[in-house]
Amino acid sequence: MDEYGNTGEGRAARRDEAVRSAVEQGLLGPDSPIVGLLDVTGIRESAAELRAAFAEVTAPGTPVLHAFAVKATPLVPVLRLLREEGIGAEVASPGELALARAAGLSPAQTVLDSPAKTPAELREALALGIAVNADNPQELDRIDGLVRSAVSRSPLGIRVNPQVGGGSIGATSTATATSKFGVALRDEGAREWVVRAYLDRPWLSRLHAHTGSQGIPLPLMAQGVAETYALAEEINRRIGRPQIDTIDIGGGLPVNFASDVTAPTYAEYARALREAVPGLFDGRYGLVTEFGRSLLAKHGTIVARVEYAKSAGGRAVAVTHAGVQVATRTVYVPGSWPLRITAYDGKGRPKSGPEVVQDVAGPACFAGDLLAEGRALPLLDQGDYAAALDTGAYYFAHHYAYNSLARPGIYGFVPDRAGGVRFATVRDPQTLASIVAESGGAHAGALTTLHGPGAVDTQRRVK
Ligand SMILES: *Cc1c(COP(=O)(O)O)cnc(C)c1O
């Protein structure tokens, strides 16, 4: 439990109420068999916890920008909600930047970090005054050209990879020796190159590292930040003035997918950082953070109707409408990304009864499309609902168009005064017309009317 009393009990109770109300209000049912639900109260609480955690460890007056990693939950209403809670945006593509702007985020609240920025993207970011972290020497060359040709308010920095090592999940470990991100600091000559880059460019004022996401232990995250801080100190010492005035420590706080408890908390991480890197918090440096998963994951739930309940080889199988299209990582790499599943009856009430080992399957046409395999749960029947918990980040907002399955509707919820639940549409369910349009519907004849020299005209031949 953290200082907000966050054992997750409130969260679980709000979730149960929301599932029941979603069924009652018709958001979920036979004709809309899958939805994503977002707990607005929980999102606001996490944002407040993040701000409080760093306010506690920083010297009074230290500028701190918490920039939400938009890739975690790329939904405009979520970005607007976070903006209202004092949280900015970390963007990594023109699409994410467009979402942040549509949510009303200002350039001063926005950081651009992608590893493959085009010249046009860099030009736009500098024209807008958005902070940019250069990923590599070639990108810094491009920025040099832009800085020479126009005045920009953009705070500019370099992303480094302290190469402190990976965590338990390779795909989300960004500080390995051969990671594709940033300037690999321990490589021969790299550190000196970075120092020179700052010596030669008085306008470089930031230093950035993001040393991993889910699966990285806190001490390793703290070590990555400590090495980044040590480099900033070295650069400022060599230059003889505090040219680097802001350190961007990235995101990556892991999420507990095993229960409703928030662990680790932002407060624990901020204290671990202060312990490991006290100088970072003494007021000489502004801070940028880029948390994604830890802000949103626990506030999202996928709820899917059980279309059929069957049995195969002695195993109970619930065939639901949630599978690879909304839980891509879990389905393809179940060992690294297990999700908790809860069972609800046809009225959306938590199901009780003896637990039965069963598979919770998705709707896609391949055998591995399982939300959970061999999971002990109250037996799911036809017309019941299965909920995949902690899916507010990197799940239902990351639709995978397998089998042309429609993107589900996403609804935010808050408790109302009468003990019920009020919903708001965050994203409409995708229509069939939209699926056809996104699948080349406007170009139906494109391939049959495309003939190379000497091609036989099949239309004429069949006549
Ligand atoms: C993905 C990413 C983040 C957010 O990571 P989380 O694990 O979701 O907190 C932050 N910064 C950068 C540069 C990233 O690529």
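Values computed for the structure shown
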| read-out | value |
| --- | --- |
| Per-selection Kirkwood Rh - the chain (Cα, Å, 1 d.p.) | 24.0 Å |
| Angstrom value of the Kirkwood radius, inverse mean 1/r, which spans all Cα pairs in segment 146-270 | 15.6 Å |
| Percent of C-alpha pairs per 5 Å bin, segment 251-371, short to long | 2, 9, 15, 18, 15, 12, 8, 7, 6, 5, 3, 1, 0 |
| Amide hydrogen neighbours beyond the local backbone of residue 317, cut-off 5 Å, H modeled | 310, 311, 312, 359 |
| Helical mean residue ellipticity (222 nm; -39500 (n - 2.57) per DSSP H run of 4+; nearest 500) of the chain | -9000 deg cm²/dmol |
| Cβ-Cβ FRET estimate between residue 188 and residue 382, R0 fixed at 41 Å, reported to 0.05 | 0.05 |
| Whole-Å semi-axes of segment 209-298's equivalent ellipsoid (Cα gyration tensor) | 28, 11, 11 |
| Segment 51-194: radius of gyration over Cα atoms, expressed as a fraction of 2.2 N^0.38 Å | 1.12 |
| Over segment 298-432, volume per residue of the alpha carbon convex hull, in Å³ | 116 Å³ |
| Accessible surface, per residue, of segment 40-294 when the full set of protein chains is kept, probe 1.4 Å, Å² | 38 Å² |
| Two-decimal log10 I(q)/I(0) for segment 97-153, as the Debye equation yields it once each C-alpha is a single scatterer, q = 0.13, 0.18 Å⁻¹ | -0.30, -0.57 |
| Unit charges at the beta carbon, dipole of segment 298-432: most positive-side option, 386, 426, 399 | 426 |
| Alpha carbon convex hull of segment 28-128, volume per residue in cubic angstrom | 132 Å³ |
| Sequence-separation-based contact order of the chain, relative, with Cα cut under 8 Å and 6+ spacing, percent | 18 percent |
| Compactness of segment 40-294 as Cα Rg over 2.2 N^0.38 Å, two decimals | 0.94 |
| Between segment 6-63 and segment 215-250, the alpha-carbon center distance in angstrom | 32 Å |
| Debye, to nearest 20: dipole size of the chain, +1 on Lys, Arg Cβ, -1 on Asp, Glu Cβ | 860 debye |
| 5 angstrom amide H check on residue 246, placed H, neighbours 5+ away | 207, 286 |
| Two-site FRET efficiency, residue 233 against residue 48, from Cβ-Cβ distance with R₀ of 41 Å, rounded to 0.05 | 0.85 |
| Förster-model FRET efficiency, 45 Å R0, residue 451 and residue 332, C-beta, rounded to 0.05 | 0.70 |
| Å³ per residue enclosed by the Cα convex hull of segment 127-170 | 94 Å³ |
| Scattering curve values for segment 162-223, log₁₀ I(q)/I(0), Debye with Cα scatterers, q = 0.14, 0.19, 0.29 Å⁻¹ | -0.44, -0.73, -1.18 |
| nm² value of the averaged projected area, convex hull over the Cα atoms of segment 368-425 | 6.3 nm² |
| Surface share of carbon and sulfur [accessible, 1.4 angstrom probe, percent] for segment 298-432 | 54 percent |
| Estimated D of segment 1-87 in µm² per second, where Rh is the Kirkwood radius over Cα pairs and Stokes-Einstein applies at 20 °C, 1.002 mPa s | 140 µm²/s |
| Sparse-neighbour loop sites [chymotrypsin sites (Phe, Trp or Tyr not before Pro); segment 302-407; at most 14 other C-beta within 10 Å; DSSP] | 366 |
| For segment 299-361, the Rg and Dmax computed from alpha carbons only, in angstrom | 12.4, 36 |
| Amide H contacts under 5 Å for residue 183, placed H, 5+ residues apart | 159, 160, 161 |
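The values are calculated or read from the model by the stated rules, or taken from the named source; none is laboratory data. Quantities reported herein were computed from a predicted structural model and do not represent experimental measurements. Note that we place each Cβ from the backbone using ideal geometry, even for glycine, and neighbour counts take in every protein chain shown. The accessibility values were calculated without ligands, DNA or RNA, using every heavy atom of the protein model including side chains. Shrake-Rupley method; radii C 1.70, N 1.55, O 1.52, S 1.80 Å.
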